[in-house]
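The values are calculated or read from the model by the stated rules, or taken from the named source; none is laboratory data. Everything quoted here is computed from the prediction, not taken from an experiment. All Cβ positions, even for glycine, are placed from backbone atoms using ideal geometry, and neighbour counts span all protein chains on display. Side chains included, ligands, DNA and RNA excluded: accessible areas come from the protein's heavy atoms. Shrake-Rupley method; radii C 1.70, N 1.55, O 1.52, S 1.80 Å.
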Amino acid sequence: MLKKDLIELCLLHLLAQGDQYGYELLRRLHHTFPDTQESAVYALLRGLCREGCSEQYAGAVSGGPARKYYRLTGQGRDKYAALLGRWRALRDAVAALGVE
């Protein structure tokens, strides 16, 4: 599982918690992956929309331009479950080797 896959898993996890706007997702990801480029996160979000895993919509205006919100779709929940399964298998395999 590569960093891109991990970030995608984290995006899907955050969206599984509820609809969120792009900048909030980016801010939350930076706590775990501080070196991740903003453009890379938005590219992953666009890719999830293209794949039908998430939907984008315009949300409330907060003194500026309308925010782009994202929500998980049924297909996104399926992808989240698959990636989570792959992550857990990888984590368990590495732990079985004694790597911490």
Applying the selection to region 23-46, what residues are in contact (Cβ under 8 Å) with a residue 24 or more places away in the chain and either in a helix (DSSP H, G or I) or open to solvent by less than 30 Å² (accessible area, probe 1.4 Å) (or both)?
Tyr23, Leu25, Thr36, Ala40, Val41, Leu44, Leu45
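Of all residues being part of a loop (DSSP other than H, G, I, E, B) and at pLDDT below 95 in region 60-91, which is farthest from Tyr42 (Cα to Cα)? Just the residue, please. Before the answer, list the steps.
So the first thing to find is which residues in region 60-91 are part of a loop (DSSP other than H, G, I, E, B), and the list is 60-67, 73.
Those left that are additionally at pLDDT below 95: 60-67.
Values: Ala60: 19, Val61: 20, Ser62: 20, Gly63: 22, Gly64: 19, Pro65: 17, Ala66: 16, Arg67: 13 Å.
That would be Gly63.
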